[in-house]
Number of protein chains: 2
Amino acid sequence: MSKSGETRNYIMQKSFDLIYQKGYQATSIDDIISTTNVTKGAFFYHFKSKEQMGLGLISELLYPNLYDKMIKPLENSTDPVTDLYKMMEMLLNDKGFFNVEYGCPAINLIEEMSPISNLFKTALSKLVSTWHDAIVSAVRSAQSTALVKPHVSPEEVAVMIISGYGGVRTLGKVMGRDAYKTYLSGLKSYLIKL
Amino acid sequence: MSKSGETRNYIMQKSFDLIYQKGYQATSIDDIISTTNVTKGAFFYHFKSKEQMGLGLISELLYPNLYDKMIKPLENSTDPVTDLYKMMEMLLNDKGFFNVEYGCPAINLIEEMSPISNLFKTALSKLVSTWHDAIVSAVRSAQSTALVKPHVSPEEVAVMIISGYGGVRTLGKVMGRDAYKTYLSGLKSYLIKL
DNA sequence: ATTTAAAGATACTATTTGGTATGTTTTTAG
DNA sequence: CTAAAAACATACCAAATAGTATCTTTAAAT
């Protein structure tokens, strides 16, 4: 990677961390340049505005990372119900990318930015609908092998799981990891009955 | 009510609306005084700081309102499972206090403020644990009348319902009211199987 | 090695921020 | 009615904000 490319990536990674912890609007460019030791000139050379950097963060960092964690585990699955649980378990137990205190960076951005920026909303809703569709496919696939009852609505399951995930990330912010643990056991009961 | 009390309430109500729509940190005191036509002198006469006003908002406006909507419907219930569904239905269909675009003011504040302010976190976690305990009681009560199977964990159900609620409020921000509708039908299936 | 463009550094700006100091006007109590 | 306190108004402030203008340095190609 070129030196310039490295600088750009470094800015993005550090910005991602700061925004994850403090929120997008609460993270100032001065915050970013002081924690990166990159100058303002360099920042605005690589990004024409804070907004463009934020949108880049979503498409270049958030989306690929979450695609691996949320969608990939559901692809080519022979036992989708088990895989849905495992996906959630891996997400909630991943202490590298996530921190209970700060929740999920995608949920945080949806909460903060969707109501006030259509650009952010559009970028973030792509992630949500990709996940949604992957869950729907997984449930349909489970129905085709009779692992899930035919009368179950895959869309309903998708909304239940996505909502559960988003909500437990919020709940974790005030209740800590206990919320994750309890949710996982609740999810297991839920999935078994499908 | 005294004139002074009215001014205070008016500031709080308008601040609540602004914060609900834009977020706490993104709402400036100048925003508040310009939409209320109250001067900065009046604002700082009634509240020693923006933070105190925000905390007052939680205890004086948010808590009482949500207590009525979340906890009261579960009190002295003869059919707690039905009442849990109705509580959620009323919450999600309430277009007076809530707006799909902006989600739930409590969830928004938890998301934004919990990680960066212990005062906010403490105030908000009271609301969450009160709701949690009310749901646990309702499920226990349903078990005592054999409306819910005895092996079901009430705490698990509480976390599932609170998470589902918080998550669907987030999901609604990007997907609109369809998310609410689908979630409600998923919740019904879930509750029936308890 | 020299030129040229890319990459980065520095200093500035106009606006907005939460908050204060110091007023003036209303209420209220005697 | 009058004194005093409560309620509100105005003008300010230092810090922080996103962004720009203008440099200097570094890298690449000839």
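Checking each residue of region A:31-48 against the condition of being near DNA strand D (Cβ under 10 Å from one of its atoms), without any contact (Cβ under 8 Å) to a residue 12 or more places away in the chain and among the aliphatic types (A, V, I, L, M) gives at least one match. Among the conditions (1) more than 8 Å from chain A (Cβ to nearest Cβ); (2) over 19 Å from A:G176 (Cβ atoms), B:L127 misses just one, which is (2). Being outside any helix (DSSP H, G or I) and away from DNA strand C (no atom under 16 Å from the Cβ) is a description that does not apply to A:N65. Out of curiosity, is A:A134 surrounded by 24 or more Cβ atoms within 10 Å (Cβ to Cβ), more than 11 Å from chain B (Cβ to nearest Cβ) and touching a residue at least 12 places away in the same chain (Cβ under 8 Å)? No. In region A:179-188, the residue that is farthest from the chain's Cα centre (by Cα) out of those that are more than 7 Å from chain B (Cβ to nearest Cβ) and open to solvent by 10 Å² or more (accessible area, probe 1.4 Å) is A:K188.
Which of the residues that make up region B:165-178 are without any contact (Cβ under 8 Å) to a residue 60 or more places away in the chain and either of a type in the set (A, V, I, L, M) or within 7 Å of chain A (Cβ to nearest Cβ) (or both)? Let's see the steps before the verdict.
Within region B:165-178, the first condition is being without any contact (Cβ under 8 Å) to a residue 60 or more places away in the chain, and the residues that meet it are B:167, B:171, B:174-175, B:178.
Listed by number, the residues that qualify are B:G167, B:L171, B:V174, B:M175.
With respect to being within 16 Å of DNA strand C (Cβ to nearest atom), of a type outside the set (D, E, K, R) and either more than 14 Å from chain B (Cβ to nearest Cβ) or surrounded by 19 or more Cβ atoms within 10 Å (Cβ to Cβ) (or both), A:T36 fits the description. Checking each residue in region A:1-33 for being within 14 Å of chain B (Cβ to nearest Cβ), assigned to a helix (DSSP H, G or I) and more than 18 Å from the chain's Cα centre (by Cα) picks out only A:D31.
Does A:I29 qualify as being within 12 Å of DNA strand C (Cβ to nearest atom) and at negative phi? Full working, then the answer.
Numbers: within 12 Å of DNA strand C (Cβ to nearest atom): yes; at negative phi: yes.
Taking the combined requirement at face value, the residue satisfies it.
Among the listed residues B:S77, B:S59, identify the single one that is polar (S, T, N, Q), closer than 20 Å to B:I11 by Cα, open to solvent by 10 Å² or more (accessible area, probe 1.4 Å) and more than 16 Å from DNA strand D (Cβ to nearest atom).
Values: B:S77 fails: closer than 20 Å to B:I11 by Cα.
On inspection, the qualifying residue turns out to be B:S59.
Taking first residues from region A:2-17 that are among the aliphatic types (A, V, I, L, M) and partners that are more than 10 Å from DNA strand D (Cβ to nearest atom), the Cβ contacts under 9 Å between residues at least 6 apart in sequence or on separate chains come to A:I11/A:T36; A:I11/A:V38; A:I11/A:H46; A:M12/A:H46; A:M12/A:G56; A:M12/A:L57; A:M12/A:E60; A:M12/A:L61.
Of the helices (runs of 4 or more DSSP H) lying entirely inside region B:78-194, the ones with 2 or more residues being modelled with pLDDT under 95 and of a type outside the set (V, I, T) are found at B:118-144.
Inspect all residues belonging to region A:99-107 and state whether any of them is open to solvent by 40 Å² or more (accessible area, probe 1.4 Å), within 12 Å of chain B (Cβ to nearest Cβ) and more than 23 Å from B:P115 (Cβ to Cβ). The answer is no, given that none of the residues of region A:99-107 is open to solvent by 40 Å² or more (accessible area, probe 1.4 Å), within 12 Å of chain B (Cβ to nearest Cβ) and more than 23 Å from B:P115 (Cβ to Cβ). Just one residue in the set B:S144, B:S153 is hydroxyl-bearing (S, T, Y) and within 11 Å of chain A (Cβ to nearest Cβ); that residue is B:S153. Of the residues making up region B:108-117, just one is more than 12 Å from A:N108 (Cα to Cα) and more than 9 Å from chain A (Cβ to nearest Cβ), namely B:S117. Among the conditions (1) among the aliphatic types (A, V, I, L, M); (2) in contact with a Pro (Cβ under 7 Å, 6 or more places away or on another chain); (3) closer than 28 Å to A:Y20 by Cβ, B:M113 misses just one, which is (2).
Considering the conditions (1) surrounded by fewer than 16 Cβ atoms within 10 Å (Cβ to Cβ); (2) touching a residue at least 12 places away in the same chain (Cβ under 8 Å), B:N118 is excluded by exactly one of them, (2).
The values are calculated or read from the model by the stated rules, or taken from the named source; none is laboratory data. Computed from a predicted structure; not experimentally measured. Note that each Cβ is placed from the backbone with ideal geometry, even for glycine, and that neighbours are counted across all protein chains shown. Protein only, heavy atoms only, side chains kept; ligands, DNA and RNA dropped before computing areas. Shrake-Rupley method; radii C 1.70, N 1.55, O 1.52, S 1.80 Å.
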